[in-house]
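**Q** Here's a structure for you.
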Amino acid sequence: MTIGRQLDTQKARPHEQAQTQTFLDDLGVRRIEPRTSPFDPGYDPQTLKSHLEQSAHLMDVLKISMGCWLIAQEHATRSKIAAASKHGVSTTTGGGPFEIAVAQNRLSEYLELCVALGFTRIECGEGFTELPLEAQRVVHTAEGLGLEVQFELGKKHDGTFHHSLVDELIAQGQAWLDAGACCLVVEARESAAGVGLFAEDGRLNEVFADRFAEAFGLDVVTFEAPNKSSQFALLDHFGPGVKLGNVRLEELLRVETYRRGLHSDAFGKENLRPKIVNSA
(Lines give C-alpha, C1' and ligand atoms only; values in the text may rest on other atoms or scores of the structure.)
Protein backbone atom coordinates (compact mmCIF):
# COMPACT_ATOMS: atom_id res chain seq x y z
CA MET A 1 0.00 0.00 0.00
CA THR A 2 1.35 3.48 -0.90
CA ILE A 3 1.74 6.23 1.69
CA GLY A 4 -0.94 8.23 -0.10
CA ARG A 5 -3.32 5.27 0.02
CA GLN A 6 -2.60 4.79 3.75
CA LEU A 7 -3.43 8.44 4.43
CA ASP A 8 -6.65 8.16 2.45
CA THR A 9 -7.66 5.09 4.50
CA GLN A 10 -6.85 6.79 7.81
CA LYS A 11 -8.84 9.88 6.83
CA ALA A 12 -11.81 7.71 5.87
CA ARG A 13 -12.05 5.89 9.18
CA PRO A 14 -13.89 8.59 11.20
CA HIS A 15 -16.34 9.06 8.31
CA GLU A 16 -16.92 5.32 8.03
CA GLN A 17 -17.42 5.10 11.78
CA ALA A 18 -20.06 7.82 11.67
CA GLN A 19 -21.96 6.02 8.92
CA THR A 20 -22.61 2.79 10.79
CA GLN A 21 -25.63 4.17 12.70
CA THR A 22 -27.08 5.59 9.51
CA PHE A 23 -26.80 2.19 7.87
CA LEU A 24 -28.36 0.48 10.89
CA ASP A 25 -31.28 2.91 10.59
CA ASP A 26 -31.54 2.05 6.89
CA LEU A 27 -31.75 -1.63 7.83
CA GLY A 28 -34.57 -0.93 10.26
CA VAL A 29 -32.52 -1.88 13.33
CA ARG A 30 -34.04 -0.54 16.53
CA ARG A 31 -32.22 2.12 18.53
CA ILE A 32 -32.04 0.55 21.97
CA GLU A 33 -30.92 2.07 25.24
CA PRO A 34 -28.29 -0.03 27.07
CA ARG A 35 -29.98 -3.09 28.58
CA THR A 36 -27.09 -5.45 29.29
CA SER A 37 -24.98 -5.49 32.45
CA PRO A 38 -21.67 -7.16 31.62
CA PHE A 39 -19.41 -8.40 34.36
CA ASP A 40 -15.71 -8.36 35.03
CA PRO A 41 -14.66 -11.55 36.86
CA GLY A 42 -11.05 -10.40 37.12
CA TYR A 43 -9.88 -9.14 33.74
CA ASP A 44 -6.68 -7.11 33.65
CA PRO A 45 -7.31 -3.34 33.57
CA GLN A 46 -6.19 -2.89 29.97
CA THR A 47 -8.59 -5.56 28.73
CA LEU A 48 -11.46 -3.91 30.55
CA LYS A 49 -10.49 -0.48 29.23
CA SER A 50 -10.37 -1.83 25.68
CA HIS A 51 -13.87 -3.27 26.02
CA LEU A 52 -15.11 0.05 27.37
CA GLU A 53 -13.59 1.81 24.38
CA GLN A 54 -15.42 -0.60 22.08
CA SER A 55 -18.75 -1.16 23.82
CA ALA A 56 -19.41 1.34 26.62
CA HIS A 57 -22.45 2.64 24.72
CA LEU A 58 -24.03 -0.82 25.04
CA MET A 59 -23.52 -1.22 28.81
CA ASP A 60 -26.27 -0.60 31.34
CA VAL A 61 -24.16 -1.19 34.46
CA LEU A 62 -20.72 -2.81 34.72
CA LYS A 63 -20.41 -5.36 37.51
CA ILE A 64 -16.94 -5.66 39.02
CA SER A 65 -17.75 -9.13 40.17
CA MET A 66 -17.08 -11.62 42.92
CA GLY A 67 -14.30 -10.79 45.40
CA CYS A 68 -11.63 -10.33 42.74
CA TRP A 69 -11.49 -6.57 43.15
CA LEU A 70 -10.77 -6.98 46.86
CA ILE A 71 -7.57 -8.96 46.36
CA ALA A 72 -6.30 -7.36 43.14
CA GLN A 73 -3.85 -4.48 43.43
CA GLU A 74 -5.97 -1.58 44.60
CA HIS A 75 -4.61 0.83 42.00
CA ALA A 76 -5.76 -1.58 39.29
CA THR A 77 -9.28 -1.75 40.72
CA ARG A 78 -9.40 2.03 41.00
CA SER A 79 -8.27 2.40 37.39
CA LYS A 80 -11.06 0.09 36.19
CA ILE A 81 -13.75 2.03 38.04
CA ALA A 82 -12.32 5.34 36.85
CA ALA A 83 -12.24 4.10 33.25
CA ALA A 84 -15.90 3.10 33.41
CA SER A 85 -16.81 6.47 34.88
CA LYS A 86 -14.90 8.24 32.12
CA HIS A 87 -17.08 6.42 29.57
CA GLY A 88 -20.27 7.23 31.48
CA VAL A 89 -20.82 3.65 32.69
CA SER A 90 -22.02 3.04 36.24
CA THR A 91 -20.30 0.32 38.27
CA THR A 92 -21.65 -2.11 40.83
CA THR A 93 -20.08 -4.69 43.08
CA GLY A 94 -21.23 -8.29 43.04
CA GLY A 95 -23.33 -9.57 45.92
CA GLY A 96 -20.78 -11.96 47.44
CA PRO A 97 -18.63 -9.38 49.26
CA PHE A 98 -21.79 -7.76 50.67
CA GLU A 99 -23.00 -11.05 52.11
CA ILE A 100 -19.64 -11.82 53.67
CA ALA A 101 -19.30 -8.30 55.07
CA VAL A 102 -22.71 -8.61 56.73
CA ALA A 103 -21.91 -12.08 58.09
CA GLN A 104 -18.65 -10.75 59.55
CA ASN A 105 -20.37 -7.66 60.99
CA ARG A 106 -18.39 -5.31 58.76
CA LEU A 107 -21.10 -3.74 56.61
CA SER A 108 -20.17 -0.15 57.48
CA GLU A 109 -16.54 -0.73 56.57
CA TYR A 110 -17.60 -2.39 53.33
CA LEU A 111 -19.83 0.49 52.29
CA GLU A 112 -17.14 3.03 53.11
CA LEU A 113 -14.66 1.09 50.98
CA CYS A 114 -17.07 0.98 48.03
CA VAL A 115 -17.49 4.74 48.27
CA ALA A 116 -13.75 5.33 48.55
CA LEU A 117 -13.05 3.28 45.41
CA GLY A 118 -15.71 5.10 43.41
CA PHE A 119 -18.41 2.45 42.91
CA THR A 120 -21.83 3.74 41.87
CA ARG A 121 -23.85 0.87 43.30
CA ILE A 122 -23.70 -2.21 45.48
CA GLU A 123 -25.49 -5.49 44.97
CA CYS A 124 -27.17 -7.02 48.01
CA GLY A 125 -28.59 -10.49 48.43
CA GLU A 126 -28.66 -13.63 50.48
CA GLY A 127 -27.53 -16.12 47.91
CA PHE A 128 -25.42 -18.16 50.32
CA THR A 129 -26.07 -16.53 53.71
CA GLU A 130 -29.08 -15.35 55.67
CA LEU A 131 -29.49 -11.59 55.80
CA PRO A 132 -30.40 -10.43 59.32
CA LEU A 133 -30.85 -6.77 58.32
CA GLU A 134 -34.04 -5.15 57.07
CA ALA A 135 -34.01 -3.91 53.51
CA GLN A 136 -34.92 -0.37 54.55
CA ARG A 137 -31.95 -0.15 56.91
CA VAL A 138 -29.47 -1.38 54.28
CA VAL A 139 -30.77 0.89 51.52
CA HIS A 140 -30.98 3.92 53.81
CA THR A 141 -27.40 3.43 54.99
CA ALA A 142 -26.06 2.93 51.46
CA GLU A 143 -27.97 5.87 50.02
CA GLY A 144 -26.69 8.05 52.85
CA LEU A 145 -23.20 7.42 51.48
CA GLY A 146 -24.24 8.08 47.89
CA LEU A 147 -24.55 4.44 46.78
CA GLU A 148 -27.41 2.91 44.81
CA VAL A 149 -28.62 -0.57 45.76
CA GLN A 150 -29.71 -3.50 43.63
CA PHE A 151 -30.95 -6.76 45.12
CA GLU A 152 -30.38 -10.25 43.77
CA LEU A 153 -33.23 -12.75 44.07
CA GLY A 154 -32.52 -16.44 44.64
CA LYS A 155 -30.05 -18.78 46.31
CA LYS A 156 -26.86 -19.93 44.65
CA HIS A 157 -26.89 -23.53 45.87
CA ASP A 158 -30.59 -24.45 46.18
CA GLY A 159 -31.27 -25.46 42.59
CA THR A 160 -34.13 -24.37 40.36
CA PHE A 161 -37.10 -22.26 41.43
CA HIS A 162 -40.51 -23.73 42.28
CA HIS A 163 -43.94 -22.07 42.44
CA SER A 164 -44.04 -21.18 46.13
CA LEU A 165 -40.44 -19.94 46.04
CA VAL A 166 -41.25 -17.62 43.14
CA ASP A 167 -44.07 -16.18 45.28
CA GLU A 168 -41.61 -15.59 48.12
CA LEU A 169 -39.00 -14.02 45.84
CA ILE A 170 -41.51 -11.65 44.29
CA ALA A 171 -42.59 -10.53 47.77
CA GLN A 172 -38.95 -10.13 48.78
CA GLY A 173 -38.16 -8.16 45.66
CA GLN A 174 -41.09 -5.83 46.23
CA ALA A 175 -39.94 -5.20 49.79
CA TRP A 176 -36.52 -4.12 48.53
CA LEU A 177 -38.05 -1.88 45.86
CA ASP A 178 -40.31 -0.32 48.49
CA ALA A 179 -37.21 0.29 50.61
CA GLY A 180 -35.60 2.20 47.72
CA ALA A 181 -33.59 -0.36 45.75
CA CYS A 182 -33.23 0.75 42.13
CA CYS A 183 -33.55 -2.67 40.51
CA LEU A 184 -33.65 -6.44 40.98
CA VAL A 185 -31.52 -9.25 39.55
CA VAL A 186 -32.65 -12.87 39.11
CA GLU A 187 -29.91 -15.36 40.00
CA ALA A 188 -28.44 -17.74 37.40
CA ARG A 189 -24.79 -17.93 38.52
CA GLU A 190 -22.16 -18.66 35.83
CA SER A 191 -23.84 -21.78 34.45
CA ALA A 192 -27.56 -21.09 33.92
CA ALA A 193 -28.12 -24.80 34.56
CA GLY A 194 -29.86 -26.29 37.58
CA VAL A 195 -30.27 -22.85 39.14
CA GLY A 196 -32.98 -20.21 39.26
CA LEU A 197 -35.06 -20.12 36.09
CA PHE A 198 -32.94 -22.72 34.31
CA ALA A 199 -33.36 -26.52 34.45
CA GLU A 200 -30.42 -28.91 34.65
CA ASP A 201 -30.32 -29.06 30.85
CA GLY A 202 -30.36 -25.26 30.62
CA ARG A 203 -33.95 -24.87 29.46
CA LEU A 204 -35.60 -21.59 30.50
CA ASN A 205 -38.74 -21.80 32.63
CA GLU A 206 -40.72 -19.24 30.66
CA VAL A 207 -43.70 -19.33 33.03
CA PHE A 208 -41.57 -18.31 36.01
CA ALA A 209 -39.67 -15.75 33.94
CA ASP A 210 -43.00 -14.17 32.96
CA ARG A 211 -44.02 -13.93 36.60
CA PHE A 212 -40.97 -11.83 37.47
CA ALA A 213 -41.49 -9.68 34.38
CA GLU A 214 -45.15 -9.14 35.16
CA ALA A 215 -44.47 -8.38 38.81
CA PHE A 216 -41.68 -5.85 38.28
CA GLY A 217 -41.54 -4.89 34.60
CA LEU A 218 -38.65 -5.30 32.19
CA ASP A 219 -37.20 -1.92 33.15
CA VAL A 220 -36.70 -3.02 36.76
CA VAL A 221 -35.72 -6.70 36.65
CA THR A 222 -32.48 -8.01 35.14
CA PHE A 223 -32.16 -11.70 34.29
CA GLU A 224 -28.71 -13.19 34.68
CA ALA A 225 -27.71 -14.85 31.40
CA PRO A 226 -24.12 -16.08 31.63
CA ASN A 227 -23.94 -18.15 28.43
CA LYS A 228 -25.14 -18.18 24.84
CA SER A 229 -28.12 -20.48 25.36
CA SER A 230 -29.50 -18.49 28.30
CA GLN A 231 -28.94 -15.17 26.53
CA PHE A 232 -30.68 -16.27 23.34
CA ALA A 233 -33.52 -17.98 25.22
CA LEU A 234 -34.37 -14.81 27.17
CA LEU A 235 -34.13 -12.60 24.08
CA ASP A 236 -36.25 -15.04 22.06
CA HIS A 237 -38.88 -15.05 24.79
CA PHE A 238 -39.05 -11.39 25.80
CA GLY A 239 -37.68 -9.64 22.74
CA PRO A 240 -35.17 -6.78 22.64
CA GLY A 241 -36.48 -5.05 25.78
CA VAL A 242 -35.24 -7.64 28.27
CA LYS A 243 -32.36 -6.69 30.58
CA LEU A 244 -29.56 -9.25 30.82
CA GLY A 245 -26.79 -9.58 33.40
CA ASN A 246 -23.70 -11.69 34.06
CA VAL A 247 -22.72 -11.37 30.40
CA ARG A 248 -18.97 -11.70 29.92
CA LEU A 249 -17.35 -8.70 28.28
CA GLU A 250 -16.21 -10.68 25.25
CA GLU A 251 -19.81 -11.82 24.68
CA LEU A 252 -21.42 -8.38 24.89
CA LEU A 253 -21.30 -7.59 21.18
CA ARG A 254 -22.74 -11.01 20.31
CA VAL A 255 -25.63 -10.42 22.70
CA GLU A 256 -26.32 -6.96 21.32
CA THR A 257 -26.07 -8.21 17.73
CA TYR A 258 -28.68 -10.84 18.55
CA ARG A 259 -30.85 -8.31 20.41
CA ARG A 260 -30.97 -6.18 17.26
CA GLY A 261 -31.81 -9.04 14.92
CA LEU A 262 -28.42 -8.93 13.21
CA HIS A 263 -27.47 -12.48 14.19
CA SER A 264 -28.34 -15.30 11.80
CA ASP A 265 -30.34 -17.08 14.52
CA ALA A 266 -32.30 -13.90 15.35
CA PHE A 267 -33.07 -12.51 11.90
CA GLY A 268 -35.90 -14.94 11.29
CA LYS A 269 -37.64 -14.23 14.61
CA GLU A 270 -40.53 -11.80 14.32
CA ASN A 271 -39.89 -10.09 17.65
CA LEU A 272 -36.20 -9.46 16.90
CA ARG A 273 -35.94 -9.00 13.14
CA PRO A 274 -35.31 -5.39 12.01
CA LYS A 275 -38.34 -3.70 10.47
CA ILE A 276 -37.97 -1.05 7.76
CA VAL A 277 -40.66 1.55 8.35
CA ASN A 278 -40.32 3.61 5.17
CA SER A 279 -38.96 1.66 2.22
CA ALA A 280 -38.42 3.22 -1.19
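The values are calculated or read from the model by the stated rules, or taken from the named source; none is laboratory data. Being a predicted model, the structure only gives us computed values, none of them experimental. Reconstructed Cβ throughout: ideal geometry from the backbone, glycine too, with neighbour counts over all protein chains shown. SASA here: full protein model, heavy atoms, side chains in, ligands and nucleic acids out. Shrake-Rupley method; radii C 1.70, N 1.55, O 1.52, S 1.80 Å.
**Q** Counting other Cβ atoms within 10 Å of each Cβ, which GluC sites (Glu not before Pro) in segment 129-236 have at most 14 and sit in a DSSP loop?
**A** Working: sites: E130, E134, E143, E148, E152, E168, E187, E190, E200, E206, E214, E224; in loops: E130, E134, E187, E190, E200.
Counting only loop positions with at most 14 other Cβ atoms within 10 Å, the GluC sites (Glu not before Pro) in segment 129-236 are E130, E134, E200.
**Q** Here's another thing I want to ask about it. Where the accessible area of the chain is counted over protein heavy atoms with a 1.4 Å probe, how much of it, in %, is carbon and sulfur?
**A** Details: 7030 of 14080 Å².
Reported share for carbon and sulfur atoms: 50 percent.
**Q** Hey, if we sort S50, S79 by accessible area with the 1.4 Å probe, largest down, what's the order? Walk me through the numbers on the way to the answer.
**A** On the way: S50 60, S79 30 Å².
If we order S50, S79 from most to least accessible, we get S50, S79.
**Q** Can you sort H237, H75 by solvent-accessible area, 1.4 Å probe, largest first?
**A** Values: H237 55, H75 130 Å².
The ordering from most to least exposed comes out as H75, H237.
**Q** Take the Cα of E200, step 7 Å along the line toward its Cβ, and report every residue of segment 226-252 whose backbone nitrogen sits under 16 Å from that point.
**A** None, by backbone N distance to the label point.
**Q** Solvent-accessible area of K80, probe 1.4 Å, all protein chains present, reported in Å² to the nearest ten, please.
**A** 20 Å²
**Q** Additional query: Hey, can you grab everything whose amide H is under 5 Å from the amide H of D40? Only 5+ residues off in sequence or another chain; H modelled, so Pro and N-termini drop out.
**A** Amide H neighbours of D40: K63, I64, S65.
**Q** Can you pull the one-decimal nm distance between simple spin-label points at K269 and F128, each 7 Å off the Cα toward Cβ?
**A** 3.1 nm
**Q** Quick check: the distance between the Cα centres of segment 196-216 and segment 42-76, to the nearest angstrom?
**A** Comparing the Cα centres of segment 196-216 and segment 42-76, I get a distance of 28 Å.
**Q** Please list 3J(HN,Hα) in residue order for segment 100-112, calculated via the Karplus relation 6.51 cos²θ - 1.76 cosθ + 1.60 where θ = phi - 60°; whole Hz, with x for glycine and proline.
**A** 5, 4, 5, 4, 9, 6, 10, 5, 4, 5, 5, 5, 5
**Q** Taking the Cα centre of the chain as origin, work out the dipole magnitude from +1 charges on Lys and Arg Cβ and -1 charges on Asp and Glu Cβ, in debye rounded to 20.
**A** The calculation lands at about 1140 debye.
**Q** List the trypsin sites (Lys or Arg not before Pro) within segment 199-242 that DSSP assigns to loop and that have no more than 11 neighbouring Cβ atoms inside 10 Å.
**A** Numbers: sites: R203, R211, K228; in loops: R203.
Filter output for segment 199-242: empty list.
**Q** Here's another thing I want to ask about it. Which one of R35, R259, R137 has the biggest mean-square fluctuation once the chain is modelled by GNM with Cα springs under 10 Å?
**A** Maximum fluctuation in the GNM of the chain, among the listed residues, is at R137.
**Q** Provide the net charge surrounding A209, with neighbours chosen by a C-beta distance below 14 Å and charges set as Lys +1, Arg +1, Asp -1, Glu -1. Don't jump to the answer; show the numbers that get you there.
**A** Values: positive: R203, R211, K243; negative: E187, E206, D210, E214, E224, D236.
Net local charge, A209 excluded: -3.
**Q** Rounded to the nearest 10 Å², what accessible area does F23 show when all protein chains are kept and the probe is 1.4 Å?
**A** 120 Å²
**Q** Follow-up. Taking 0.36 nm per intervening residue step and subtracting the Cα-Cα distance, what contour gain separates A175 from R254 on full extension? Please list the in-between numbers first.
**A** Details: separation 79, 0.36 × 79 = 28.44 nm, distance 3.46 nm.
Result for the pair: 25.0 nm of gain on full extension.
**Q** Using 0.36 nm times the number of residues separating S229 and V207, minus their current alpha carbon distance, what extension gain do you get? Present the calculation step by step, with values, prior to reporting the outcome.
**A** Values: separation 22, 0.36 × 22 = 7.92 nm, distance 1.74 nm.
Additional length available on full extension: 6.2 nm.
**Q** Take the residue pairs K155/K228; K156/K275; K228/K275; K86/K155; K156/K269; K156/K228 and return only those whose Cα atoms are more than 30 Å apart.
**A** Working: K155/K228 22 Å; K156/K275 40 Å; K228/K275 24 Å; K86/K155 34 Å; K156/K269 32 Å; K156/K228 20 Å.
In this structure, K156/K275; K86/K155; K156/K269 lie more than 30 Å apart at Cα.
**Q** Rounded to the nearest 0.05, what FRET efficiency do D25 and N105 give with R0 = 45 Å and r taken as the Cβ-Cβ distance? Could you check? Walk me through the intermediate numbers first.
**A** Details: r = 54 Å, r/R0 = 1.21.
Once rounded, the FRET efficiency stands at 0.25.
**Q** Find how many whole Å separate the alpha carbon centroid of segment 234-261 from the alpha carbon centroid of segment 120-134.
**A** Rounded to whole Å, the Cα centres lie 26 Å apart.
**Q** Shifting gears a bit: Dipole of segment 68-195, Cα-centred, from +1 at each Lys and Arg C-beta and -1 at each Asp and Glu C-beta, to the nearest 20 debye? Don't skip to the end; give the middle numbers.
**A** Values: 9 positive and 17 negative charges, 111 e Å.
Magnitude of the dipole: close to 540 debye.
**Q** Taking θ as phi - 60°, what are the ³J(HN,Hα) couplings along segment 159-165 by the Karplus curve (6.51, -1.76, 1.60), each to the nearest whole Hz, with x for Gly and Pro?
**A** Running phi through 6.51 cos²θ - 1.76 cosθ + 1.60 with θ = phi - 60° gives x, 7, 6, 10, 3, 5, 5 Hz.
**Q** Taking the Cα centre of segment 213-266 as origin and charging only Cβ (+1 Lys, Arg; -1 Asp, Glu), how large is the dipole, in debye to the nearest 20?
**A** I would put it at about 120 debye.
**Q** Related question: So which residue, out of E33, E123, E99, gets the largest mean-square fluctuation from a GNM of the chain using Cα contacts under 10 Å as springs?
**A** Per the Cα network of the chain with a 10 Å cutoff, E33 tops the list.
**Q** Could you work out the local net charge near L111, counting Lys and Arg as +1, Asp and Glu as -1, over the other residues with Cβ closer than 13 Å to its Cβ?
**A** On the way: positive: R106, R121, R137; negative: E109, E112, E123, E143, E148.
With Lys, Arg at +1 and Asp, Glu at -1, the net is -2.
**Q** For E224, what residues show an amide H to amide H distance below 5 Å, using hydrogens built from the backbone and excluding near sequence neighbours?
**A** Close amide H contacts, sequence-distant or interchain: V186, A188, G245.
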